[in-house]
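> Quick one: the structure is below, and I'll ask about it shortly.
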Amino acid sequence: MNIENAIKHFRTLLEEQIARTERMAKDNEKIDFSSLPQIIIGVIGGDGIGPIITDEAEVLLRSILKDEIESGKILIKNIKGLTIENRTAKNQAIPTDVLEEIKTCHVLLKGPTTTPNGGTLESANVAMRRELDLFANVRPVVVPEEGIDWIFFRENTEGEYVLGSHGIEIPDTLAVDFKVITDLGTRRIAKAAFEYAKQNGKNKIAIITKANIMKKTDGKFSKICHEVAAEYPGIDADEWYVDIMAANLIKENVRSRYQVFVLPNLYGDILTDEAAQLQGGVGTAGSANIGNKYAMFEAIHGSAPRMIERGDADYANPSSMFKASEMLLRHIGFVEKAESLSKALENIKFPTDRSETCQEFGERLRSVL
Ligand code: IPM
Ligand code: MG
């Protein structure tokens, strides 16, 4: 790619991103689950250990929602084809027919999908978050014995991710990727975090940036979060750089002070894996990807291809998908069912000594619900 082509490419990217913010400005369609005659849940298995842990979560959901499924209030649909084989064959992050099927659902439960390193195939996750405009990635991490009760509001549609597959490379010389932060994109994630805090009796929010270095993008993220904070006088907003926050999360005498975090996409990706590790590993953490219209619930971890290679995938921990199911139930209005699942998950843990398979653990959990 010569300089002229690179500049042309950059112009197109800017135009596309401006068009995206214009679409964002018009998007106010919010779904009211209580008024829907039927709620359609799409279940997507994914790759690697995905189908194993997702099947188990589907069995769990079907058992919790048995009456609603019988009465037709809930429909659970299986969506096939979001596999690395099919995505590679079609060279599409989400094959067109699969995306159409996905859009017929209200909410989704999705197993991890494999993201190729390099190449041109975009991550299915990133594509889904963009296509369904799932702007808030909400990730709770709770360790009661340590006094940790955190919830991360990770911006999910822009930052380092939105153009992650559209960088510029001058072969053998240099490569450039882009980070995009928009006013509207920041305002909506900040609002989501502050509203959550207000409605859940939290009085502190940590805004995470590296605005001393990423002056334009994180500078904007910081400024807009503080503007939103001014609308919530009862909530203290503190700004922290991401490096020191990574340290503070493992600093025992301070970490329990944090409550709600709001952060750009990549910092959210990294800090939530770190946080989940304190809770017992990424296998224990669920994640909600929320937009105005659609919502998708998933594990925070990947498809664990090494477990498949070693042949011990039956021992994959389904807790992350169970947590995701709990968040799904809460989102569609089944708060009591979500609460009882949450209690069960607090008391019943997946053993770390390989004494129980994914399926056996699922059975044990269902027996107490
Ligand atoms: C996550 C994952 C994804 C991400 C990958 C699979 C694209 O790590 O949900 O945190 O980077 O967002
Ligand atoms: Mg991640």
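The values are calculated or read from the model by the stated rules, or taken from the named source; none is laboratory data. Bear in mind the structure is a predicted one, so any value in this text is a computation, not a measurement. Glycine also receives a Cβ, built like all others from the backbone with ideal geometry; neighbour counts cover every protein chain displayed. Please note that ligands, DNA and RNA were not included when accessible areas were found on the heavy atoms of the full protein model with its side chains. Shrake-Rupley method; radii C 1.70, N 1.55, O 1.52, S 1.80 Å.
> What number comes out for accessible area per residue over the chain if the probe is 1.4 Å? Units Å², please.
I get 47 Å² per residue for this part.
> Given the alpha-carbon gyration tensor of the chain, what are the semi-axes of its equivalent ellipsoid in whole angstrom, ordered largest first, with each equal to the square root of 5 times an eigenvalue?
For the chain, the ellipsoid semi-axes come out as 31, 26, 22 Å.
> Where nothing but the Cβ of Lys and Arg (+1) and of Asp and Glu (-1) is charged, how large is the charge dipole of the chain around its Cα centre, in debye to the nearest 20?
Result for the chain is approximately 680 debye, rounded to the nearest 20.
> If the only charges are +1 at each Lys and Arg Cβ and -1 at each Asp and Glu Cβ, what is the size of the charge dipole of the range 139-280 around the Cα centre, to the nearest 20 debye?
Using only the charged Cβ atoms, the result is roughly 480 debye.
> Also: Over the chain, what relative contact order in percent results from Cα pairs under 8 Å that are six or more residues apart?
Relative contact order comes out at 20 percent.
> Can you order the peptides 269-277, 208-216, 25-33 by their average number of other Cβ atoms within 10 Å per residue, highest first?
With the highest mean Cβ count within 10 Å placed first, the list reads 269-277, 208-216, 25-33.
> Which shape class, rounded, prolate or oblate, goes with the range 29-76 when its Cα gyration tensor gives a ≥ b ≥ c as root eigenvalues, a/c under 1.5 marks rounded, and past that a/b bigger than b/c marks prolate?
Oblate shape, in that a/c is at least 1.5 and b/c is the bigger or equal ratio.
> Here's another thing I want to ask about it. Would you look at the GNM of the chain, springs on alpha carbons closer than 10 Å, and say which of Met296, Met128, Met307 moves the most?
Met307
> On the accessible surface of the range 139-280, probed at 1.4 Å, how many percent belong to carbon and sulfur atoms?
Of the solvent-accessible surface of the range 139-280, carbon and sulfur hold 53 percent.
> Here is a follow-up. Helix-only estimate, please: 222 nm mean residue ellipticity of the chain, summing -39500 (n - 2.57) across DSSP H runs of length 4 or more and dividing by its residues, to the nearest 500.
-13500 deg cm²/dmol, from helical runs alone.
> Order these peptides, 327-335, 3-11, by their mean beta-carbon neighbour count within 10 angstrom, highest first.
327-335, 3-11
> Within 10 Å, count the other beta carbons around each residue, average over each peptide in 109-119, 161-171, 132-142, and list them highest first.
Listed from highest to lowest mean packing, they are 132-142, 109-119, 161-171.
> While we're here: Below 26 Å Cα-Cα, how many Lys pairs turn up in the range 91-203? Only count pairs eight or more apart in sequence, or on different chains, if you could.
The result is 4.
> Any idea what % of Cα-Cα pairs in the range 139-280 are farther than 18 Å?
Value for the range 139-280 (Cα pairs over 18 Å): 55 percent.
> So how much slack lies between Glu169 and Ile7, counting 0.36 nm per residue of separation and subtracting their Cα-Cα distance, in nm?
57.1 nm
> I want to check the label-to-label distance for Val176 and Lys343. Put each point 7 Å from Cα in the C-beta direction and report it in nm to one decimal.
5.8 nm
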